[in-house]
């Protein structure tokens, strides 16, 4: 079974489209919605992890594109400015899914992108502005 994290951007006219229904019913995928901000009449954004057959995921991505939804791989990465970071641990304290931790011994920041839901709480919490997320 394949798994991919997708960053979906919805144009205003598509914000109320039943995308989850189509992913499940038409493509036999299991969606896990990690983050979404969608309002009727406004551009929306959704981070979704889909599991299923690779061919089904590819077909669903094609469908989303035809619906006017921009699809990008959610290849997140945590960028740490090591000159600014003092290993205070504030970013780890606010990371509810546990994607950030400090290594035992050297206190190096450890990032598990499979747990990250891109909430950016770590970015806001960092007093030295040493943490940035890209996705």
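Couple of notes before you dig in:
- The relative contact order of the chain, computed from alpha carbon pairs under 8 Å that lie at least 6 residues apart in sequence, is 25 percent.
- DSSP-defined antiparallel bridges as percent of all bridges, the chain, nearest 5: 100 percent
- Efficiency of FRET from Cβ geometry, residue 120 and residue 63, R₀ 30 Å, rounded to 0.05: 0.55
- Segment residue 107-residue 18, extension gain: residue separation times 0.36 nm, minus the distance between their alpha carbons: 27.6 nm
- Packing here is the average count of other Cβ atoms within 10 Å per residue, and on that basis the peptides 115-122, 23-30, 39-46, highest first, run 115-122, 23-30, 39-46.
- Length released on extending from residue 72 to residue 88, taking residue separation times 0.36 nm less the Cα-Cα span: 2.4 nm
- Contact order for segment 2-73, expressed relative to its length and based on alpha carbon pairs under 8 Å spaced 6+ residues apart, stands at 45 percent.
- Rel. contact order, % - alpha carbon contacts under 8 angstrom, at least six apart, segment 55-135: 35 percent
Bear in mind these aren't lab numbers, they're just calculated from the coordinates by the rules spelled out. Computed from a predicted structure; not experimentally measured. Glycine also receives a Cβ, built like all others from the backbone with ideal geometry; neighbour counts cover every protein chain displayed.
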